[in-house]
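K.L.:
Here it is: the structure, laid out below.
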Amino acid sequence: NWNPPAVPSNACAEFDVIIPMGLGTYPIINDTISLHNLAIYHNNGITGNAGAMLEICGDLDAGSGVNWNFGTGAILALTGTGSAQEIDGDMQVDMIKLMGNVNVQIMAGSDIRVEDHIELIGTGSFICNVGATVSLESKLTKTAYLDDFSNPGNGGYIGQIRAKRMVSNPGRGY
């Protein structure tokens, strides 16, 4: 259900993946998978189960209308070490970990929604370019946040970030 039709090895530089349109079944990640570049065509899907980690050391084209089902405990890890990484498209994930030593740029027009946290482990910076949106979307039982700064990395966050709080108060109509 992706191209090339093989399970990636854990050698990041070897594996560029395209998830094409019109599939009946989409990838389900249960373990750690390492890719170089990932491109997901529009209106497709990818699932990361609890404990799964999708490591990308290159660029991520997340498309639009993609069903990113990276639920509780699934991690999108950005592990670049050579040139800057780019994320383009729309997606909702539980956790993003910036683990590489290069900057990760969120491209204009992209919409990244994080339900747990963004963790800055590496030395690169997470950059939200003008025209891009990064949102921390809290739920009733969990507050989304930008790093707790307990790791020794020197990573940073540059740009705007939006925080959405879940407030439950049916007596007031929200």
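K.L.:
By the gyration tensor of its Cα atoms, with a ≥ b ≥ c the square roots of the eigenvalues, what is the shape of the range 48-124: rounded for a/c under 1.5, prolate for a/b over b/c, or oblate?
P.N.:
oblate
K.L.:
Express the relative contact order of the chain as a whole percentage, based on alpha carbon pairs under 8 Å and six or more residues apart in sequence.
P.N.:
13 percent
K.L.:
Lysines near K164 by alpha-carbon distance under 16 Å, same-chain residues fewer than 8 away left out - which ones?
P.N.:
Cα-Cα hits under 16 Å: K139, K142.
K.L.:
Here's a follow-up. Most mobile of N69, N37, N151 per a Gaussian network model of the chain (Cα springs, under 10 Å)?
P.N.:
The residue that fluctuates most here is N151.
K.L.:
How big is the antiparallel share of DSSP beta bridges in the chain, given as a percent to the nearest 5?
P.N.:
5 percent
K.L.:
Scan (1) 16.0, 56; (2) 16.8, 46; (3) 19.1, 60 for the value of Rg and Dmax of the Cα atoms in Å calculated from this model and give just the label.
P.N.:
(1)
K.L.:
Then there's this: Once the whole set of protein chains is in place, how much accessible area is left on S168, using a 1.4 Å probe, in Å² to the nearest 10?
P.N.:
Here the accessible area works out near 70 Å².
The values are calculated or read from the model by the stated rules, or taken from the named source; none is laboratory data. Since the structure is predicted, the reported quantities are computational estimates derived from the model, not experimental observations. These area figures cover heavy atoms from the full protein model, side chains too; ligands, DNA and RNA do not enter into them. Shrake-Rupley method; radii C 1.70, N 1.55, O 1.52, S 1.80 Å.
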